[in-house]
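Structure first, commentary second.
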Amino acid sequence: MAESTQLVQKLWNYCNILRDDGLSYGDYVEQLTFLLFLKMADEQAKPPFNKLSTVPQGYDWPSLLAKDGDALETHYRHVLETLGKRSGMLGIIFRKTQNKIQDPAKLRRLIVDLIDKEQWSSLSADVKGDAYEGLLQKNAEDVKGGAGQYFTPRPLIAAMVDVVAPQPGQAICDPACGTGGFLLAAHDYLAKHHALDRAQKKKLKSGTFFGIELVDSVTRLCAMNLLLHGIGG
């Protein structure tokens with residue numbers, strides 16, 4: 001918990017710098033989502049993971065690290081636009097995206113000094129998932145009006161999941177999933193209350209949880225939230 005709290009604070013402190021440029025907390029978390037996904041996709045393509053990356057070469061994390069100044073800002077816009085047209089998880093996270101960080105120097109610092117310094121794939125799902133949840137919660141607390149439709153208080157979610165008591169083998173759907181809080185709580189409940197075998201754990205990762213969300217920006221936050229907690233691919 002301490003490690004994830006430090007990570008949230010580190011990322012959140014930089015948000016205060018960007019706010020001087022008119023960037024909202026929600027815009028900041030959204031930009032973090034894009035960059036975190038690209039960083040982790042790059043990590044997963046290297047040892048010890050050696051997975052085939054879904055991100056096309058030239059629009060990946062190394063392509064961002066290689067640029068600076070106005071060239072970086074221009075390339076980042078092209079990356080977002082190109083990936084938003086792809087299918088699968090890429091399309092979900094990058095659909096209709098825009099770069100909200102107009103200062104190339106601050107964008108470069110976010111990429112190089114904050115995100116590239118961490119090995120996100122080596123962090124446990126609990127640490128990076130809790131850190132991301134912490135950012136979502138801070139965003140919900142900041143947006144006083146209407147945030148509740150996307151971020152339900154975690155104690156309320158936990159109480160409702162306890163009452164429903166999901167069982168292994170069931171398909172679990174949230175038809176208005178917001179940032180995925182109920183899906184994650186159901187996942188944690190199953191892992192905590194049942195001794196799952198290997199096949200059941202694999203089923204939890206892919207094929208158990210389904211969510212529906214109408215707002216693009218919230219959908220991408222949900223997809224990233226699930227991904228950071230080890231759900232989905």
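The values are calculated or read from the model by the stated rules, or taken from the named source; none is laboratory data. Since this is a predicted model, take the numbers as computed values, not measurements. Glycine also receives a Cβ, built like all others from the backbone with ideal geometry; neighbour counts cover every protein chain displayed. SASA here: full protein model, heavy atoms, side chains in, ligands and nucleic acids out. Shrake-Rupley method; radii C 1.70, N 1.55, O 1.52, S 1.80 Å.
Build a GNM of the chain with springs between Cα atoms under 10 Å: which of PRO47, PRO104, PRO153 gets the top mean-square fluctuation?
Most flexible of the set in this elastic network: PRO47.
Specify whether the C-alpha gyration tensor of region 40-113 places it in the rounded, prolate or oblate class, a ≥ b ≥ c being the square roots of the eigenvalues: rounded for a/c under 1.5, otherwise prolate if a/b is larger than b/c and oblate if not.
Oblate shape, in that a/c is at least 1.5 and b/c is the bigger or equal ratio.
Taking R0 as 25 Å, what FRET efficiency do you get between THR5 and ALA105 from their Cβ-Cβ distance, rounded to the nearest 0.05?
Given R0 = 25 Å and the Cβ-Cβ separation, E is 0.35.
Which of LEU135, LEU123, LEU36 moves the most in a Gaussian network model of the chain with Cα springs under 10 Å?
Sorting by GNM fluctuation, first place goes to LEU123.
For region 43-134, run through the chymotrypsin sites (Phe, Trp or Tyr not before Pro) and keep only the ones in DSSP coil with at most 14 other Cβ atoms within 10 Å of their Cβ.
PHE49
Mind checking the per residue accessible area of the chain for me, 1.4 Å probe, whole number of Å²?
51
Can you tell me the orientation of helix 125-142 relative to the chain, as the angle in degrees between its alpha-carbon axis and the longest Cα principal axis, to the nearest 10?
That helix lies at roughly 80 degrees to the long axis.
Checking the a/c ratio against 1.5 first, then a/b against b/c, what shape does the Cα gyration tensor give for region 111-233?
Numbers: a/c = 1.80, a/b = 1.18, b/c = 1.53.
Taking the square roots of the gyration eigenvalues as a ≥ b ≥ c, region 111-233 is oblate.
Can you compute the FRET efficiency between ALA176 and ARG19 using 1/(1 + (r/R0)^6), with r the Cβ-Cβ distance and R0 = 41 Å? Round to the nearest 0.05.
0.85
Could you tell me the calculated FRET efficiency between ASP162 and GLN200, based on Cβ-Cβ distance and R0 = 25 angstrom, to the nearest 0.05?
On the way: r = 20 Å, r/R0 = 0.81.
Efficiency at R0 = 25 Å is approximately 0.80.
What value, in deg cm²/dmol to 500, does the helix sum -39500 (n - 2.57) over DSSP H runs of n ≥ 4 give at 222 nm once divided by the residues of the chain?
-18000 deg cm²/dmol
Any chance you could check the Cα centroid distance between region 34-88 and region 89-135 for me, in angstrom?
The distance from the Cα centre of region 34-88 to that of region 89-135 comes to 11 Å.
Tell me, what % of the accessible area of region 93-233 is carbon and sulfur with a 1.4 angstrom probe?
For region 93-233, the apolar C and S fraction of the accessible surface comes to 55 percent.
Along the Cα→Cβ direction, 7 angstrom out, place labels at ARG95 and ARG77. What is the inter-label distance in nm?
Between ARG95 and ARG77, the simple spin-label model gives 2.4 nm.
Suppose a student asked you for the relative contact order of region 1-99, using Cα pairs under 8 Å spaced at least 6 residues apart; what percent would you report?
17
Loop-only check: which trypsin sites (Lys or Arg not before Pro) in region 59-120 are DSSP coil with at most 12 other Cβ within 10 angstrom?
Passing both the DSSP loop test and the Cβ count: LYS85, LYS96, LYS117.
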